[in-house]
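No value in this document is a laboratory result; all are computed from the given coordinates. Everything numeric in this text was worked out from a predicted model, so none of it was measured. We place every Cβ from the backbone using ideal geometry, glycine too, and count neighbours over all the protein chains shown.
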Amino acid sequence: MLSREDFVFTIGYDGPIAVVDKKARQRYKSLSSKELAEKGLFRPAYASAIWSKKPEEMDEVLAIYNKTIGTPLAPGVSLERLFGVFLMDVKRTMAL
């Protein structure tokens, strides 16, 4: 399983290897899900919330997202599909 930082900043996959945004990971790795969302980094924020497995973090990211975009999404909307974030069992990373 990937570390939180690698999972949050994964930008894609090359077969069994997660491709990680090295600069973003270095710059934002210490931020919480809420802090990432407040900076407008919604995909990493939601990935962080999924990693935590805490529904309240997912709801918090959704609330900030709704406030920012101005068109509220209902709870239960598949943000996993919207942001393309799913927990996967990947053991290797490639940082670019």
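Could you give the C-alpha radius of gyration of the stretch 10-49 expressed as a fraction of 2.2 N^0.38 Å, taking N as the number of residues it contains? If you can, show how the numbers build up before the last one.
Details: Rg = 10.7 Å, N = 40, 2.2 N^0.38 = 8.9 Å.
Output field value: 1.19.
When the chain is described by a simple charge dipole with +1 on each Lys and Arg Cβ and -1 on each Asp and Glu Cβ, the residue from A37, G70, G12 located farthest towards its positive end is G12.
Tell me the mean residue ellipticity at 222 nm calculated for the chain from its helices only (DSSP H runs of n ≥ 4, each -39500 (n - 2.57), averaged over every residue, nearest 500). List each step's numbers first, then the result.
Values: 6 runs with 49 residues, N = 96.
Theoretical 222 nm ellipticity from helices: -14000 deg cm²/dmol.
Mean separation of Cα pairs under 8 Å and 6 or more residues apart, divided by the residue count, gives the chain a relative contact order of 38 percent. The smallest convex shape that holds all Cα atoms of the chain, its convex hull, gives 89 Å³ per residue. Considering every alpha-carbon pair of the stretch 33-82, the percent of pairs per 5 Å bin, from zero through the bin containing the longest distance, is 5, 25, 36, 28, 6, 0.
The C-alpha atoms of the chain define a longest principal axis, and helix 55-69 lies at about 70 degrees to it.
Within the set K23/K91; K39/K67; K29/K91; K23/K67; K53/K91, which residue pairs have Cα atoms separated by over 24 Å?
Details: K23/K91 20 Å; K39/K67 13 Å; K29/K91 19 Å; K23/K67 27 Å; K53/K91 19 Å.
As for pairs spanning more than 24 Å Cα to Cα, those are K23/K67.
Here the stretch 4-95 is assigned +1 on the Cβ of each Lys and Arg and -1 on the Cβ of each Asp and Glu. Its dipole about the Cα centre then comes out at about 300 debye.
Under 5 Å between amide hydrogens, built in the peptide plane, is the criterion, and for T93 it picks out A18 among residues at least 5 positions away or on other chains.
Report the FRET efficiency, 1/(1 + (r/R0)^6), for I69 and Q26, where r is their Cβ-Cβ distance and R0 is 41 Å, rounded to 0.05.
Computed FRET efficiency for I69 and Q26: 0.90.
Distance from the C-alpha centroid of the stretch 33-80 to that of the stretch 1-32: 17 Å, rounded to the whole angstrom. Could you state the angle between the C-alpha long axis of helix 42-52 and the longest principal axis of the C-alpha atoms of the chain, as a value from 0 to 90 degrees rounded to the nearest 10? Computed tilt is about 80 degrees.
Here the peptides 47-56, 80-89 are ranked by packing, the mean other Cβ count within 10 Å, and the order with the highest first is 47-56, 80-89. Within the shell defined by Cβ-Cβ distances under 13 Å, the residues around N66 carry a net charge of -1, with Lys and Arg each +1 and Asp and Glu each -1.
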